[in-house]
1. Quickly run through the stretch A:375-424 and pick out the residues that are away from chain B (no Cβ under 11 Å) and not in a helix (DSSP H, G or I).
2. Would you point out the residue of the stretch B:103-118, among those that are more than 7 Å from every other protein chain (Cβ to nearest Cβ) and assigned to a helix (DSSP H, G or I), that is nearest to residue A:427 (Cα to Cα)?
3. Applying the selection to the stretch A:70-101, what residues are surrounded by fewer than 24 Cβ atoms within 10 Å (Cβ to Cβ) and under 16 Å from residue A:29 (Cα atoms)?
4. So is residue A:94 under 20 Å from residue A:372 (Cα atoms) and in contact (Cβ under 8 Å) with a residue 60 or more places away in the chain or not?
5. Out of A:363, A:322, which single residue is buried (at least 22 other Cβ atoms within 10 Å of the Cβ) and at pLDDT 85 or above?
6. If residue A:432 meets every condition in (1) at negative phi; (2) surrounded by 20 or more Cβ atoms within 10 Å (Cβ to Cβ) apart from one, which number is that one?
7. What about residue A:150, is it closer than 22 Å to residue A:473 by Cβ, more than 10 Å from every other protein chain (Cβ to nearest Cβ) and at pLDDT 85 or above?
């Protein structure tokens, strides 16, 4: 307890160093700015600034990326509430009640509530990080290659099956991601795999190119000419943002419950923030005395999902930093950035790089306070930013993507990689595949392969090592449970769908 | 009609995954496989290829006409696709043979034409604005390695 507080104190020292603070503030501002722009989520934003992290030291780099992440989440709420435009999927739920509030003229209050809930939930999440991470770290120290591989498999499996849409398609994308991670020189034997004689590929596929292709270009391809974005004349001024006392009262308990839901799911690897917000919203509607008010501008429908998204985001950092298992694609990108900086994610990260871990935690707090302070006076600017039309936005973003990827290795080949992954991503998106598991697989792939091969070497090729070592056995049991749950859900759906289908055919 | 399209989507996915999986295996077996104890470079990729094929088969077998998730089946936006992909590739080509300024102008111009709401004039103006901003930020500010102009 006391130790954690001392570490936290040290963390504030790191985060408040002028150069670290500067990059962190820069990340928050850029994240907030781009998050507001329609059609730009944290994934695109982080990917776009990933190249910049190659040239700055690891601590400010990670502080900046994290800043972009939660900055853009604050920004995303603005678009969702004022324009009914979820630039980041978790905000889709916020639209349901946030936009009707705007139509009623209470958009400012909705924003105010969203910000307060976010700040409260983030603070709770940060506290959990402070006290839980060292505990998890102590357990994680007992992990050998077998345990690390099995927990990675659990993370991948959860990431693949718990996202929205078909679990099989999630698994397919994860496997594909693992494969893309295997492209390049094999670290153990030095063989060039799947490079087809292309020299530039021997270092593997570039993380920035992959993620910008999948979350940037592919997104443009799917969105262009499809989304009608109306310029909305919503005028929100600073004083509109203060909710009334009644609204505060109505939002208070939903905020607490949303925070709890987010914290609970944050601890589970693989559950994305989107599903968390949906659960928080459903819970509120279920226990509400006035469920019919939901969808028409109930303040609880804004407070709960926003709180859930933010506490989930913070708690997500626990498995990411202490185990090296990213919960979703954003965390995978952050881990990827650490790997590029030569920092091995995993149990040893907290003790070997306390500046990164505790500095990050402290910067979360500083960042969240800054966001609260910044967003209130800047709201007028954000509202104007929302009116930038998509037709001007995406060509500009495309240019920044191209230059950004080029600058990482001064290689135009990487830029063509972006185009290729853009096409691949758009094809898979059109076929209803989720893109996030691919990045998760790509980042974890090389780590998983290395640990798996090492585990096999140590056990002399006995696959049973995964179930004879107790910690690993539990993790494998959790994997089996996940698969069983999916099979069960599938069997149930099958029973329900078949008769329905027959009816449908008859009706036609 | 809608259910038919959904069915096709799953079937198309299955075929795509199986082709990919088999291709990965075919290429993978050319690397050293090794044993489970001492895995060669080809071991894991081959396993992944087999897995991908199996998942593809599973998706094909379970393909059902029921409408799950948000299947928005709009016709393919060829103009957008062509212009956006063309925009990225023109950056690569002109970056090689022309330098930053022409690469920026052409890539933004081409990409912008992908949106039906953009006129040629709008696209050109946007491209021009980004040429100026891009040169200032990247060439003068951040000293990007790519020269502003490069002939040949």
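1. Result: A:386, A:387, A:388.
2. The initial filter retains those residues of the stretch B:103-118 that are more than 7 Å from every other protein chain (Cβ to nearest Cβ), namely B:103, B:105-106, B:109-110, B:113.
Within this subset, residues satisfying the condition of being assigned to a helix (DSSP H, G or I) are B:103, B:105-106, B:109-110.
On the way: B:103: 26, B:105: 27, B:106: 25, B:109: 24, B:110: 21 Å.
Per the stated criteria, the residue is B:110.
3. None; the set is empty.
4. Details: under 20 Å from residue A:372 (Cα atoms): yes; in contact (Cβ under 8 Å) with a residue 60 or more places away in the chain: yes.
Here the answer is yes, as residue A:94 does meet what is asked.
5. Values: A:322 fails: at pLDDT 85 or above.
After ruling out the rest, the residue left standing is A:363.
6. Among (1) at negative phi; (2) surrounded by 20 or more Cβ atoms within 10 Å (Cβ to Cβ), the lone unmet condition for residue A:432 is (1).
7. Numbers: closer than 22 Å to residue A:473 by Cβ: yes; more than 10 Å from every other protein chain (Cβ to nearest Cβ): yes; at pLDDT 85 or above: yes.
Spelling it out, residue A:150 is indeed closer than 22 Å to residue A:473 by Cβ, more than 10 Å from every other protein chain (Cβ to nearest Cβ) and at pLDDT 85 or above.
Residue by residue, here is whether (1) assigned by TED's automatic domain parsing to the domain that holds residue B:9; (2) over 23 Å from residue A:219 (Cα atoms); (3) free of Cβ contacts under 8 Å to residues at least 40 places away in the same chain; (4) surrounded by 20 or more Cβ atoms within 10 Å (Cβ to Cβ) holds:
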| residue | (1), (2), (3), (4) |
| --- | --- |
| B:82 | no, no, yes, no |
| B:86 | no, no, yes, no |
| B:99 | no, yes, no, no |
| B:111 | no, no, yes, yes |
| B:117 | no, no, yes, no |
| B:121 | no, yes, yes, no |
| B:125 | no, yes, yes, no |
| B:128 | no, yes, yes, no |
| B:135 | no, yes, yes, no |
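The values are calculated or read from the model by the stated rules, or taken from the named source; none is laboratory data. Keep in mind that this is a model prediction, so the values were computed, not measured. In this analysis, Cβ positions are derived from the backbone assuming ideal geometry, glycine residues included, and neighbour counts consider all displayed protein chains.
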